[in-house]
Amino acid sequence: MNENKENNRFIGYEYKQVVAEPGQISFLIDGYMNFGWEIDENVQDIRMEYYGSHTKSHHHRKSIIRMKRDRKIINKMELTRLQRNFEAYVEEIRHLEKEKTSLPSIVAITTGIIGTAFMAGSTFAVTANPPHIVLCILLAIPGFLGWILPYFLYKKGVRRQTEKISPLIEEKYDEIYEICEKGSKLISSGTCSDAQVHDVNEQKTLKTRIK
């Protein structure tokens, strides 16, 4: 653990790492600041790393945010409780974002598989001896539809899911902002109390010197 001195006051830090999507970095940093965390200045940049994938696909590329906080921060227990609620809501938002595409993907893939099955039947019909041309055509029609429709079904499904889920996500963000506001007030009150204690100590020191 590294420790630092600030304004002639010794500070011991605790450290935290958060794995984030590139688009969430600013949001998460702003959020964690309301619970007393700050970016670790010893780490100059927020590193981009291939997280959870050996393929190094850009879809799996995530950022690691490294932060620190005063171990003796005032209102620590309440701030930690609020932070856990914040993290729970962030995770819920991630799940809701995935739901926008998960169900449409399942529908599209299932339709494509069914279409492939019909096309396989059509192929067997035309290669049979003797060939069953009529059956081949009857099976080929739903087969082609099964190959064409998935794209349009996916797009339509995503739109419907987005319309359904977006209000829920907005509610979660509103709850997150309320939690962050409470944390910010606790930080502010703690800072004021700390400043008051510092002033009292200075006054005591001055009185001692005068005597």
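The values are calculated or read from the model by the stated rules, or taken from the named source; none is laboratory data. This structure is a prediction, so every number in the text was calculated from the model and none was measured. Cβ atoms come from the backbone with ideal geometry, glycine included; neighbour counts cover every protein chain shown.
Some points to look at:
- Residue, nearest to the chain's Cα centre (by Cα), within the stretch 86-113, restricted to residues that are crowded, with 17+ Cβ neighbours inside 10 Å and within 30 Å of CYS136 (Cβ to Cβ): ALA108
- Pair list, Cβ < 9 Å and 6+ apart or interchain, from the stretch 3-26 residues that are farther than 16 Å from LYS68 by Cα to residues that are among the aromatic types (Phe, Trp, Tyr) and modelled with pLDDT of 80 or more: ALA20/PHE27
- Candidates LEU153, LEU145, LEU135, LEU168 - the one that is within 14 Å of GLU99 (Cα to Cα) and in a helix (DSSP H, G or I): LEU168
- Number of residues in the stretch 64-109 that are of a type in the set (D, E, K, R), in contact with a helix residue (DSSP H, G or I) (Cβ under 9 Å, 6 or more places away or on another chain) and part of a strand (DSSP E or B): the value is 2.
- Any chance ARG61 is within 16 Å of the chain's Cα centre (by Cα) and modelled with pLDDT under 95: yes
- Some residue of the stretch 165-177 being touching a Gly at 6+ places or on another chain (Cβ under 8 Å) and modelled with pLDDT under 95: no
- Here SER166 clears all of (1) surrounded by 14 or more Cβ atoms within 10 Å (Cβ to Cβ); (2) among the small types (Gly, Ala, Ser); (3) under 17 Å from the mean Cα position of the chain (by Cα) except the condition numbered (1).
- Scanning the stretch 14-24 for residues that are surrounded by fewer than 17 Cβ atoms within 10 Å (Cβ to Cβ) and not basic (Lys, Arg) gives GLU14, TYR15, GLN17, VAL19, GLU21, PRO22, GLY23.
- Contact annotation: residue pairs with Cβ atoms under 7 Å, 6 or more positions apart or on different chains, pairing a residue in the stretch 165-176 that is in contact (Cβ under 8 Å) with a residue 24 or more places away in the chain with a partner that is aromatic (Phe, Trp, Tyr) and surrounded by 12 or more Cβ atoms within 10 Å (Cβ to Cβ), are LYS172/TYR89; GLU175/TYR89; ILE176/PHE86; ILE176/TYR89.
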